[in-house]
Amino acid sequence: MTSKTSSTRRMKEFRETYLWSLKKNRGMMALLALLMFIALPMILMTVMANTQNRITTEIYTPEMWTQTYMSGIMTLTAALVTPLSLIFVLVISVSLFGYMHQKRSVDTFHALPVGRTPMILGRLLAGLTTLYAPVLLNFMIVFFVGASYPVLLQNCWTAVLSYLLWLMLICLATLCLSAFMAVCTGMTTDMILSLLGVNAAYPLLIFLGDRFASSLLPGLNTGLNSNSLFLTALSPFSAAFMPYILSGSQYQGGSSPVSTGFYVWWTVFTLILLAGTVILYQKRKSECAESSFAFSLPKNAIRFMITAVVGLGFGLLLQSETENLSNFFIGLIAGSLAAHIVTEAIYSRGFKQLKKSFVGYGFFAAVFLAAYAVLATGFFGYDTRIPSADSVTSITVNDAYTSSGGRINNKSQHELAEILPTLTEKSNIDKVMELHKTITQEKRSHSYPYCLNSANGSPLTITYHLKNGGTMKRTYYFEYQTDDQGNFFSPLGDVAKSKEYRETSNLLFYVEPEYIKSIDVGSKTSESSVTFAPDINTKKELLDALKQDILDGKVGDGKTAADSFTYLMIEYKAPLQLKDGKLKTLLNGYDGDIYLYANNYYYAEGSGKTSELMEKLGWTK
């Protein structure tokens, strides 16, 4: 009975807090709705109307209308709607949680017959309603705009919905992070600075940390890129723009531009922030208002990140200019000390706590020295670790000067596979492993413990695929050498000239003649080209000739001085439905539509089967 009464009372407190907070922010809701209408539906309507006035529906297909519609949504959401939403999250957070940072206000609210849990949750829900109502309203209008034109909504509604859900999730995550910082800080200024600090410092710390570790430890390949969830895992401001960065400015079709991993992580992280906010708010003392911090952990973590970012950034900058290790340490110490002192002075409103704060700087120094020592001594054998030949099933090589390659994308333009040399023959595997062993020995003999080296030259990445299902990847940088004719040659030596290497490194050995749409023939010295649409037999002849010349070394990709000035560019049908064959096997039986992209193929006139066939067909320029 007591439990039921308590639950009913808590629900009443939650509802009253929600309604009061919502009423307080209804003006903010209306303003956001108006600004978002201008930023998205109104501009989109103008773009669509201008498109209609500029062309006729007879020549502008529904697919073109869909492209214009979705590209407009992508661009406007990335450039205007997302920044506007994040700004309003900050403004609304100050309005909802600013009472915690004023002694008179916090005493008044905590004196009310309202529990702290319903108080904070009611305000959070009111904030979400203030944000979500304008977003949902304007995206609904966006759908009506699409329905007013020959847009194929059945093909793109899932992508629009994905942008909407992503925006809503990021707004929720940012609001929960704001509430967490509000609970931990004693002043609104510190709350805002902490939010901006973690959103800016975390991605930079991951990026610079990766750059530092890769420059110190030979062969290190973390796989970090703009698509990495880890890069923005604690920074909703940065993560909010990831789908648009990865998709580019043009809509390419497909269902969801946001990967499942991003949704899962930000859902879990938001729940963690929400739980932390509720728990810490229960423990927060009212007298912490107008003080520095109620809980010092966020302050210490943010100060550590800013100290590391400025120190590593300044150190790497000085080292890259001079290639002198002492300059790195000078930059590291100067930058980190300055960042630590400035950050502490801002948080403490002066230098009263500076002496005490050097305990935190000592922690940073200890972490850096430990990391430097571990990396400089090979990271527990990482630098010399090479798998045994018996445990390797294949080796993939990404060599800047001998991999002709090619890319295979799905309809969302996400990469399904990249064509890279894959070696399975024992002789080739043994040669690559011997080369790898030579590289590690040279690195150790040159300098051990290792010193920082900038990533000069072109990368050579070796990936071992092991029998246990695992992989091992190493990346090294080389200044490629040239022969007497000025042609670059790979450190892989004879392996790069082997039949297996050339076959697996080129898309031509995977495609079927019917995949080809047209052939462009041009010259390196001319910007013009001639396009041909051959029949199926000619396509087969051309493929056979190109493949034979690639194996004989008579067709290249334009990277070497010996390549002639005549080139072929193959345009593949798009989208392409695969039939059973090598390409489908490479994609593990993938059944969806794909898009193929390959390099140009250069050949010497009067040499090889390709040149002979071109003369026969009369395609020479």
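Could you tell me which residue of segment 47-56 is modelled with the lowest pLDDT, considering only residues that are assigned to a helix (DSSP H, G or I) and more than 21 Å from residue 83 (Cα to Cα)? Full working, then the answer.
Our first condition is that a residue be assigned to a helix (DSSP H, G or I); within segment 47-56, this holds for 47-54.
This time we only want the ones that are more than 21 Å from residue 83 (Cα to Cα), so: 48-54.
Values: 48: 93, 49: 92, 50: 91, 51: 88, 52: 86, 53: 85, 54: 81.
Only one residue fits best here, namely 54.
Among the listed residues 361, 372, which satisfies the condition of being part of a helix (DSSP H, G or I), within 28 Å of the chain's Cα centre (by Cα) and either in contact (Cβ under 8 Å) with a residue 12 or more places away in the chain or on the phi > 0 side of the Ramachandran plot (or both)?
None of the other options fit; the residue is 372.
Provide a single number: the residues in segment 571-610 that are free of Cβ contacts under 8 Å to residues at least 12 places away in the same chain, polar (S, T, N, Q) and open to solvent by less than 80 Å² (accessible area, probe 1.4 Å).
0
State yes or no: is residue 210 among the acidic types (Asp, Glu), under 30 Å from residue 451 (Cβ atoms) and open to solvent by less than 40 Å² (accessible area, probe 1.4 Å)?
yes
Let me spell it out: the conditions are (1) open to solvent by 20 Å² or more (accessible area, probe 1.4 Å); (2) of a type outside the set (S, T, N, Q); (3) out of contact with any Pro (no Cβ under 8 Å at 6 or more places or on another chain), and residue 72 meets all of them except one. Which number is the exception?
(1) is the only condition that residue 72 fails.
What number goes with the only condition from (1) open to solvent by 60 Å² or more (accessible area, probe 1.4 Å); (2) touching a residue at least 60 places away in the same chain (Cβ under 8 Å); (3) hydroxyl-bearing (Ser, Thr, Tyr) that residue 8 does not pass?
Unmet for residue 8, out of (1) open to solvent by 60 Å² or more (accessible area, probe 1.4 Å); (2) touching a residue at least 60 places away in the same chain (Cβ under 8 Å); (3) hydroxyl-bearing (Ser, Thr, Tyr): (2).
Which one is nearest to residue 568 (Cα to Cα) among residues in segment 517-553 that are in contact with a Phe, Trp or Tyr (Cβ under 6 Å, 6 or more places away or on another chain), buried (at least 16 other Cβ atoms within 10 Å of the Cβ) and among the β-branched types (Val, Ile, Thr)?
Restricting to residues being in contact with a Phe, Trp or Tyr (Cβ under 6 Å, 6 or more places away or on another chain), buried (at least 16 other Cβ atoms within 10 Å of the Cβ) and among the β-branched types (Val, Ile, Thr), the top hit is 521.
If you go through segment 85-104, how many residues are open to solvent by 30 Å² or more (accessible area, probe 1.4 Å) and either at positive phi or assigned to a helix (DSSP H, G or I) (or both)?
7
Out of curiosity, is residue 136 farther than 16 Å from residue 87 by Cα, at pLDDT below 95, open to solvent by 40 Å² or more (accessible area, probe 1.4 Å) and assigned to a helix (DSSP H, G or I)?
Here the answer is no, as residue 136 does not meet what is asked.
Within segment 440-460, can you find the residues that are open to solvent by less than 40 Å² (accessible area, probe 1.4 Å) and in contact (Cβ under 8 Å) with a residue 40 or more places away in the chain?
440, 450, 452, 454, 458, 460 - these are the residues of segment 440-460 that are open to solvent by less than 40 Å² (accessible area, probe 1.4 Å) and in contact (Cβ under 8 Å) with a residue 40 or more places away in the chain.
What about residue 146, is it in contact with a Phe, Trp or Tyr (Cβ under 8 Å, 6 or more places away or on another chain), in a helix (DSSP H, G or I), over 30 Å from residue 284 (Cα atoms) and modelled with pLDDT of 90 or more?
yes
Among all residue pairs at least 6 apart or on different chains, which show Cβ distances below 6 Å where the first residue, located in segment 196-210, is over 13 Å from residue 310 (Cβ atoms) and the second is surrounded by 20 or more Cβ atoms within 10 Å (Cβ to Cβ) and among the β-branched types (Val, Ile, Thr)?
From residues that are over 13 Å from residue 310 (Cβ atoms), the pairs are 198/302; 203/232.
For segment 390-416, what are the residues that are part of a strand (DSSP E or B) and either open to solvent by 20 Å² or more (accessible area, probe 1.4 Å) or at pLDDT 90 or above (or both)? Walk me through it before giving the result.
In the first step, residues of segment 390-416 are kept if they are part of a strand (DSSP E or B); the result is 392-399, 405, 407-410, 415-416.
Correct list: 392, 393, 394, 395, 396, 397, 398, 407, 410, 415, 416.
Please name all residue pairs, on different chains or six or more residues apart, with Cβ atoms under 7 Å, provided the first residue is in segment 236-259 and is among the hydroxyl-bearing types (Ser, Thr, Tyr) and the second residue is modelled with pLDDT under 65 and not in a loop (DSSP other than H, G, I, E, B).
Between residues of segment 236-259 that are among the hydroxyl-bearing types (Ser, Thr, Tyr) and residues that are modelled with pLDDT under 65 and not in a loop (DSSP other than H, G, I, E, B), there is no close pair.
Taking segment 574-621 only, how many residues are farther than 18 Å from residue 417 by Cβ and assigned to a loop (DSSP other than H, G, I, E, B)?
Counting residues in segment 574-621 that are farther than 18 Å from residue 417 by Cβ and assigned to a loop (DSSP other than H, G, I, E, B) gives 9.
Do you know which of the residues in segment 182-207 that are among the β-branched types (Val, Ile, Thr) and open to solvent by 10 Å² or more (accessible area, probe 1.4 Å) is farthest from residue 315 (Cα to Cα)?
Once the filter is applied, the top-ranked residue is 188.
Identify, by number, the condition in (1) open to solvent by less than 40 Å² (accessible area, probe 1.4 Å); (2) under 25 Å from the mean Cα position of the chain (by Cα) that residue 428 doesn't meet.
Condition (2) is where residue 428 drops out.
State all residues of segment 526-556 that are modelled with pLDDT under 85 and part of a helix (DSSP H, G or I); if no residue qualifies, say none.
None - no residue of segment 526-556 is modelled with pLDDT under 85 and part of a helix (DSSP H, G or I), so the list stays empty.
Got a sec? Which helices (runs of 4 or more DSSP H) wholly within segment 224-343 have at least 3 residues that are open to solvent by 10 Å² or more (accessible area, probe 1.4 Å), more than 17 Å from residue 207 (Cβ to Cβ) and at pLDDT 90 or above? If you could, list the steps in order and put the result at the bottom.
Values: elements: 236-239, 242-247, 260-283, 297-322.
Of the helices (runs of 4 or more DSSP H) lying wholly inside segment 224-343, those with at least 3 residues that are open to solvent by 10 Å² or more (accessible area, probe 1.4 Å), more than 17 Å from residue 207 (Cβ to Cβ) and at pLDDT 90 or above span 260-283, 297-322.
Name the residues in segment 461-496 that are open to solvent by 80 Å² or more (accessible area, probe 1.4 Å), modelled with pLDDT of 85 or more and assigned to a loop (DSSP other than H, G, I, E, B), would you?
Within segment 461-496, 467, 468 qualify.
The values are calculated or read from the model by the stated rules, or taken from the named source; none is laboratory data. Model, not experiment: these values are computed from the prediction. Quick reminder, even Gly has a Cβ in these numbers, built from the backbone with ideal geometry, and neighbours come from all protein chains shown. Side chains are part of the model used for accessible areas, which takes the heavy atoms of the whole protein and leaves out ligands, DNA and RNA. Shrake-Rupley method; radii C 1.70, N 1.55, O 1.52, S 1.80 Å.
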